[in-house]
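Contents: one structure, followed by commentary.
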Amino acid sequence: MTSHSKDTAIQNAKAQMAKQPPALLRVLLIDDNPKRATLVEQGLTESALVHTASKVHGRALLDLIAVIKPDVIIMDCYSPDRDSIESLRTVVQNNPKPIVMFVEEEDPQGFQQAIDAGVSAYVVDGLTPKRVKPVIDVAIARFKVMNDLRCELKKTKDDLAARKVIEKAKGMLMHKRDMTEDQAYAAMRTMSQERGTPLKDVAENIIAILSLLDD
């Protein structure tokens with residue numbers, strides 16, 4: 001996608017958003033086939049504002065998403081190619097969204113790659129206006145469930161990592177400052193409250209300082 005076409009796509013998106021009633025679903029459709037794009041738009045006439053773009057990948061796609069802030073992304077193609085899959089991975093890593101992919105031909109390998117990349121719904125053949133909205137609804141619902149699970153898993157991992165750091169700092173205080181376990185924890189908690197700093201950050205600072213003194 002050239003710089004000029006990228007700027008044009010973003011300007012068109014902004015113009016469409018200015019006319020958009022707030023209740024409408026925002027949909028970003030990535031398709032270079034006008035006939036397929038029309039089918040999607042027909043299926044969403046009353047329920048969504050569709051922003052259509054073609055051959056948008058990588059950084060250009062992220063920029064367009066930042067402007068449009070779509071509720072769902074639809075990628076319509078003959079079969080998932082490498083650029084499409086990598087673009088989906090980029091979106092999922094940087095700005096997760098429900099993603100629907102319509103493909104013309106069944107491809108088990110392409111299906112697995114798309115799901116691994118973060119596609120919420122993968123539909124083979126039979127694209128009709130009537131199918132679009134129900135598929136989007138399912139994709140949004142599935143995305144919410146999976147996103148909640150991802151957030152919960154991340155929080156669990158972060159909490160575990162924080163506990164490990166806190167336990168290490170507590171152990172170092174007990175060993176090097178001749179404190180009891182309760183005294184070490186109380187000292188870190190007091191520092192955290194006085195500085196308005198998370199307990200994990202306090203623990204990391206203690207580890208760094210005591211390690212430096214050892215050196």
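The values are calculated or read from the model by the stated rules, or taken from the named source; none is laboratory data. Given the structure is predicted, the values throughout are model-derived calculations rather than measurements. Here the Cβ is made from the backbone with ideal geometry for all residues, glycine too, and neighbour counts use every protein chain on show. Heavy atoms of the whole protein, side chains included, go into the accessibility calculation; ligands, DNA and RNA do not. Shrake-Rupley method; radii C 1.70, N 1.55, O 1.52, S 1.80 Å.
Descriptive notes on the structure:
- Karplus-derived HN-Hα couplings along the range 99-107 (A = 6.51, B = -1.76, C = 1.60, θ = phi - 60°), whole Hz, x at Gly and Pro: 10, 10, 10, 9, 10, 7, 10, 6, 8
- Computed per residue of the chain from DSSP H runs no shorter than four, each worth -39500 (n - 2.57), the mean residue ellipticity at 222 nm is -22000 deg cm²/dmol.
- FRET efficiency estimate (nearest 0.05) - Cβ-Cβ, residue 8 to residue 106, R0 30 angstrom: 0.30
- Accessible heavy-atom area order of 191, 172, highest first, probe of 1.4 Å: 191, 172
- When Cα extents along the principal axes in Å is computed from the coordinates, the matching label among (i) 46, 42, 37; (ii) 50, 43, 39; (iii) 75, 39, 33 is (iii).
- Computed extension gain for residue 178 through residue 154, at 0.36 nm per residue and net of the alpha carbon distance, reaches 5.1 nm.
- Computed Rg/Rh of the range 87-138, alpha carbon atoms with Kirkwood Rh: 0.98
- Taking every protein chain into account, the 1.4 Å probe leaves residue 182 with about 120 Å² of accessible area, to the nearest ten.
- Among 189, 26, 59, residue whose mean-square fluctuation peaks in a GNM of the chain (springs only between Cα atoms under 10 Å): 189
- Amide proton proximity set for residue 99, modelled H, under 5 Å, gap of 5+: 73, 120, 121
- Top of 170, 97, 55 by mean-square fluctuation, Gaussian network on the chain, Cα under 10 Å: 170
- Shown are 87, 47, whose ranking by accessible area with a 1.4 Å probe and every protein chain present, most to least, is 47, 87.
- Fraction of accessible area attributable to carbon and sulfur, the chain (%, probe 1.4 Å): 52
- Radius of gyration and Dmax over the Cα atoms of the range 87-215, both given in Å: 24.2, 73
- Between helix 3-18 and the chain: long-axis angle, C-alpha atoms, 0 to 90°, nearest 10: 90
- Residue 175 contributes an accessible area of around 150 Å² to the protein surface, as traced by a 1.4 Å probe with all chains present.
- Most mobile listed residue (33, 95, 205) in the chain, GNM with C-alpha springs under 10 Å: 205
- With a threshold of 23 Å on the Cα-Cα distance, the over-threshold entries among 35/55; 97/155; 55/130; 97/164; 97/133 are 55/130; 97/164.
- The listed residues 106, 181, 152, 41 rank as 106, 152, 181, 41 when sorted by accessible area, largest first, using a 1.4 Å probe.
- Per residue, in Å², the accessible surface of the range 66-215 once ligands and nucleic acids are set aside, probe 1.4 Å: 61
- Relative to the dominant Cα principal axis of the chain, helix 199-214 is inclined by about 50°.
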